[in-house]
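Visitor: Dumping the structure here so I can ask a few things about it.
The values are calculated or read from the model by the stated rules, or taken from the named source; none is laboratory data. Here the structure is a predicted model, which is why all the values come from computation and not from measurement. Please note: Cβ atoms are built from the backbone with ideal geometry, for glycine as well, and neighbour counts cover all protein chains shown. Surface areas here come from the heavy atoms of the whole protein model, side chains and all, with no ligands, DNA or RNA. Shrake-Rupley method; radii C 1.70, N 1.55, O 1.52, S 1.80 Å.
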Amino acid sequence: MGMLRGVPRTVRLLAFGAFLNAVVSFTFVYLFVYLTGPRGLSVAQAGVISGIGGIGLVAGNFTGGWFGDRYGHRRALLTGACVSGAALITLPVLPLAALYAVLPLAQYASGVVRSANAALVAVSVPEGERRQSFALTRFASNGGFTVGPPLGAMIAAATSYDWLFLADGLGTLLFAGYAAAMLPSRGTAHTRPAHDPDAPGLWRELRARPAVLVLLAAIVCVDLVYRQQYSTLPVFLADHGYGTQFYGWLIAVNGGVILCLELPVTHALRRRAPLTVVGTGLLLVGLGYAVLIPGAGALFAVSMMVALTSGEILYKTTATAYVADQAPAHAQGRFQSLYAGASISGQVLAPPLGGALYTAAPALLWPLCAALACGAGVAVLAARRLREPATGLRVTGGPEGERPGPPDRHVRPAPSAPPKGHAQPVPSAPPGGRAQPASSAPRGGHAPAPETGSPAKGSAG
């Protein structure tokens with residue numbers, strides 16, 4: 001429990017909601033089988049519908065934060081969950097033509113929920129203390145996704161695939177009810193719109209933070225590489241004589257290592273400079289795919305998965321928290337939305353690009369994956385030299401080799417040097433001998449008031 005000591009109660013409730021939502025999010029694991037089986041579509045038709053749905057999911061992640069900043073993150077999460085749940089319930093009875101519209105709508109709403117959940121975590125935790133909170137929500141989601149697919153298989157085997165959509169939709173609506181009951185309906189950072197018409201625009205805020213732009217581009221590149229494990233890797237293994245069972249155990253290695261190690265590793269590295277941790281993680285992803293260059297032996301495949309998973313543990317949580325710490329309060333949702341979209345972009349890009357390359361030149365796939373991920377890692381490490389917005393706060397971690405304590409949210413900016421010939425004024429101290437520090441608001445969002453009394457009412461997506 002020491003690893004969770006700094007995680008607010010609101011975030012713990014959000015993590016439990018994320019687990020519940022992940023448990024019922026098994027529909028899209030079996031979507032392709034459903035379309036080509038009970039629906040009787042060709043592989044090409046199923047691919048088109050699935051691809052459109054994936055585009056909807058990525059679009060929801062990229063744009064969901066705009067709704068949260070303008071209307072409140074709680075409202076964005078509840079609306080997205082209700083739309084997604086209602087759409088899923090209707091899918092089994094819809095005609096084929098309607099699937100081309102309703103499925104991407106359900107996926108888009110699911111993406112909005114995901115970005116709103118990340119923003120809710122960000123505004124619930126002070127700057128510099130967010131890594132462990134994001135690690136907990138990732139742990140909960142991964143745990144739910146571990147339970148969900150086997151549960152979905154049992155439901156489909158005992159009834160039919162139609163019941164998967166019904167169960168998923170009802171579960172998502174129940175999650176919306178849980179979120180509505182948990183998150184306070186007014187008067188908190190979860191509900192207040194952050195939109196400020198006089199604040200700088202999103203692009204101006206991003207240009208003031210060039211390291212964030214480098215990080216977002218690196219995450220798009222590495223996610224394209226990372227998600228080859230779900231598309232071209234099983235084909236590669238099958239071509240070298242390893243069947244579905246071996247691939248299933250390989251994926252189990254990924255899930256098991258993450259569930260066992262992500263929380264303690266994040267806790268141990270919570271004071272390390274974030275871009276150093278992220279860059280190292282991306283290099284490990286590249287190293288993992290480089291291991292496959294000599295061949296596809298069992299030892300190579302397991303070593304590849306261990307390196308890939310180690311890199312994932314290092315970069316995903318730390319990058320999410322870094323973006324949240326860098327975000328201005330009025331654009332926290334949009335910053336989280338940009339990261340959420342970047343971190344899932346490979347779901348759409350990886351299968352067609354990886355598949356095309358593997359078909360045309362299979363020997364080039366893993367070297368290019370390794371080079372792309374390592375290049376992204378080097379770029380992030382180099383971004384440590386880029387300027388950051390002037391602020392009295394430190395972002396997560398500190399200069400290389402330092403292990404600073406929690407950020408002081410009441411630091412007076414250093415005074416400028418007095419004009420030549422003038423003495424520096426000495427501030428007077430109040431009775432008691434201690435000067436009163438000036439307060440400054442956190443850059444990365446709102447820290448909630450101490451939680452006392454009745455349980456906080458919040459959830460996740």
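Visitor: Would you say Gly375 is in contact (Cβ under 8 Å) with a residue 60 or more places away in the chain, in a helix (DSSP H, G or I) and open to solvent by less than 20 Å² (accessible area, probe 1.4 Å)?
Guide: Working: in contact (Cβ under 8 Å) with a residue 60 or more places away in the chain: yes; in a helix (DSSP H, G or I): yes; open to solvent by less than 20 Å² (accessible area, probe 1.4 Å): no.
No; evaluated as a whole, the condition is false for this residue.
Visitor: Given (1) touching a residue at least 60 places away in the same chain (Cβ under 8 Å); (2) within 21 Å of Ala153 (Cα to Cα); (3) in contact with a helix residue (DSSP H, G or I) (Cβ under 7 Å, 6 or more places away or on another chain), where does Val33 come up short, assuming only one miss?
Guide: For Val33, the failing item is (3).
Visitor: Which pairs do you get when a residue that is within 18 Å of Gly68 (Cα to Cα), found in segment 333-351, comes within reach of a residue that is open to solvent by 10 Å² or more (accessible area, probe 1.4 Å) and not in a helix (DSSP H, G or I), reach meaning Cβ atoms under 7 angstrom, with the pair 6+ apart or on two chains?
Guide: From residues that are within 18 Å of Gly68 (Cα to Cα), the pairs are Gly333/Ala194.
Visitor: Give segment 126-162 a look and list any residue that's modelled with pLDDT under 90 and among the hydrophobic types (A, V, I, L, M, F, W, C), or say none.
Guide: Matches in segment 126-162: Phe145, Val147, Leu151, Ala153, Met154, Ile155, Ala156, Ala157, Ala158.
Visitor: Next question, about the same structure. Please identify the pairs in which a residue from segment 119-146 that is over 22 Å from Gly64 (Cα atoms) has its Cβ atom under 8 Å from the Cβ atom of a residue that is of a type in the set (S, T, N, Q) and at pLDDT 90 or above, counting only partners at least 6 apart or on another chain.
Guide: Short answer, once both residue conditions are applied: Gln132/Thr266.
Visitor: Counting only residues that are closer than 20 Å to Asn21 by Cβ and touching a Phe, Trp or Tyr at 6+ places or on another chain (Cβ under 9 Å), how many does segment 143-162 have? Quick ask: steps written out before the conclusion?
Guide: Let us first name the residues in segment 143-162 that are closer than 20 Å to Asn21 by Cβ, namely 143-156.
If we keep only those that are touching a Phe, Trp or Tyr at 6+ places or on another chain (Cβ under 9 Å) as well, we get 143-145, 147-153, 155-156.
Number of matching residues: 12.
Visitor: Same structure, new question: Restricting attention to segment 275-325, report how many residues are more than 17 Å from the chain's Cα centre (by Cα), among the aromatic types (Phe, Trp, Tyr) and surrounded by 19 or more Cβ atoms within 10 Å (Cβ to Cβ).
Guide: Final tally of qualifying residues: 1.
Visitor: Can you tell me which residue among Phe26, Phe32 is of a type in the set (Phe, Trp, Tyr), open to solvent by less than 40 Å² (accessible area, probe 1.4 Å) and at pLDDT below 90? Full working, then the answer.
Guide: On the way: Phe32 fails: open to solvent by less than 40 Å² (accessible area, probe 1.4 Å).
Answer to the check: Phe26.
Visitor: Could you pull out the residue among Ser110, Ser115, Ser141, Ser133 that is under 16 Å from the mean Cα position of the chain (by Cα), surrounded by 20 or more Cβ atoms within 10 Å (Cβ to Cβ) and within 27 Å of Gly40 (Cα to Cα)? Before the answer, list the steps.
Guide: Working: Ser115 fails: within 27 Å of Gly40 (Cα to Cα); Ser141 fails: within 27 Å of Gly40 (Cα to Cα); Ser133 fails: within 27 Å of Gly40 (Cα to Cα).
Unique residue meeting the criteria: Ser110.
Visitor: Yes or no: Leu365 open to solvent by 10 Å² or more (accessible area, probe 1.4 Å) and either closer than 23 Å to Asn142 by Cβ or hydrophobic (A, V, I, L, M, F, W, C) (or both)?
Guide: Values: open to solvent by 10 Å² or more (accessible area, probe 1.4 Å): no; either closer than 23 Å to Asn142 by Cβ or hydrophobic (A, V, I, L, M, F, W, C) (or both): yes.
Taking the combined requirement at face value, the residue does not satisfy it.
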